[in-house]
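Chemist: Before we start, here is the structure in question, set down as structure tokens.
The values are calculated or read from the model by the stated rules, or taken from the named source; none is laboratory data. Computed from a prediction, not measured in an experiment: that's the story for all the values here. Every residue, glycine as well, gets a Cβ built from its backbone with ideal geometry; the counts of neighbours run over all protein chains shown. Keep in mind that these areas ignore ligands, DNA and RNA; they rest on the heavy atoms of the full protein, side chains included. Shrake-Rupley method; radii C 1.70, N 1.55, O 1.52, S 1.80 Å.
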Amino acid sequence: MAYTFKLQATTEYLLDRGPSRSAFSEDIIDDTVASKADGGGYEMTLSRVTRDLYEYTVVYGALTDADRTKIEAVDTACGGSEWFYWTHPISGAEKTVRFSQRPNFKNPYIDRSRISFKLRDI
Amino acid sequence: MAKVFTNSLIAQKNNMNNRQPWLVAAEISVPGGTEYIVNNNEALEWSGQSYSPFWFNFGTIPGRSTGELPEVAVTVFNTVEMAEYVGENDGLMGYGVIVNLIYATKSGSVWSIAESSTDYPLRHSFVIIDCRPERDRISFVLGTPNYLRRSCPAGLYHKDWCDFVFQGDYCWMRDYTAIGIANTCNNTYTNCSAHYNDQSRPGSGIGFGGQPNIGKGSYVYR
């Protein structure tokens, strides 16, 4: 599978490896509108929108400097507001996302970085 | 005559735990055409028309028992393009907005609107009667056309006061620039006369937007 970040300007960044599978998580963003009624606390519920959105937690345990530069380039170009295409590491599907938590870089090894960030469907 | 709710619409309205979201689909008459938007996170088709996803917050349509006209507040996210567009079109004041309260149903993986748009009972027509751009949002007020909101008479002529905007559409100085005096106006006949003499008395007289010959404190309607 190709682990890619593709910007709107069709610039594509291909990473050598995928994120840590054990640390990867995807959480559905609950859009339910709930209203507590008086009668015994019964809740009236309603969907707010038609499409379910997810937030993905992505962690790379030991990323090479070359790959780190690519993620930095995506972060610089898009920040937290602009969307880009990203390859889902398990399904391989191309998702349209933005950074909901921008990349956090740690340097536990001499030539490897630990990077974590969150992506959110738009 | 009251519009008739279909059985499916009543069932959806009374459903207390509903996977089908209720949405607001709006048709907005704007300069150059009609925009179709829905406050959903994906586009929806309704009667052959595609409604684009667009975030807006739609207020409550008030029930009135004392004869006031209903007004509804609508708030949209203020992007730079949105603010410019609204500014260039005078706040979209007076443009029509048709609001449909709809629910979406899912068949397989496809969402659609089951109800017919023809004679749809939850359809309301408004016009934009107020627009307030703020830093992060634009607030519109939707209301109904009301002739009592219009100025009547359209204007007044005063003895020594001109209502026209200096060098605006109605001002005779529109195509001139002051030569020997300041290019400003204090709306008085004296100032208008000074501009007239400054331009070497063009045309057939001073185009003052008042009536200097009427009595002090009097008005002339126009």
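Chemist: Of the conditions (1) open to solvent by less than 50 Å² (accessible area, probe 1.4 Å); (2) in a strand (DSSP E or B); (3) more than 22 Å from A:Ser47 (Cβ to Cβ), B:Ala73 fails just one. Which one is it?
Modeler: B:Ala73 satisfies every listed condition except (1).
Chemist: For the structure I just gave you, tell me whether B:Thr188 is closer than 30 Å to B:Phe58 by Cβ, of a type outside the set (Gly, Ala, Ser) and touching a residue at least 12 places away in the same chain (Cβ under 8 Å).
Modeler: no
Residues checked against (1) on the phi < 0 side of the Ramachandran plot; (2) at pLDDT below 85:
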position	(1), (2)
B:Asn18	yes, yes
B:Ser29	yes, no
B:Ser50	yes, no
B:Trp55	yes, no
B:Gly94	no, no
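Chemist: Follow-up question, since we're still on this one. Can B:Ala83 be described as under 16 Å from the mean Cα position of the chain (by Cα) and part of a helix (DSSP H, G or I)?
Modeler: Yes.
Chemist: If you take just the strands (runs of 3 or more DSSP E) that sit entirely in the stretch B:1-59, which of them hold at least 1 residues that are away from every other protein chain (no Cβ under 14 Å) and open to solvent by 60 Å² or more (accessible area, probe 1.4 Å)?
Modeler: Values: elements: B:22-30, B:33-38, B:44-46, B:49-53, B:56-58.
It comes to B:33-38, B:49-53.
Chemist: If you don't mind, there's one more thing I want to ask. How many residues are open to solvent by less than 70 Å² (accessible area, probe 1.4 Å), within 10 Å of chain B (Cβ to nearest Cβ) and assigned to a strand (DSSP E or B) when one looks only at the stretch A:35-55?
Modeler: 5
Chemist: Please work out if B:Ser116 is farther than 16 Å from B:Val38 by Cα, within 14 Å of chain A (Cβ to nearest Cβ) and small (Gly, Ala, Ser).
Modeler: No.
Chemist: Any residue that is open to solvent by 50 Å² or more (accessible area, probe 1.4 Å) and among the β-branched types (Val, Ile, Thr) - is there at least one of those in the stretch A:2-9?
Modeler: No, the stretch A:2-9 contains no residue that is open to solvent by 50 Å² or more (accessible area, probe 1.4 Å) and among the β-branched types (Val, Ile, Thr).
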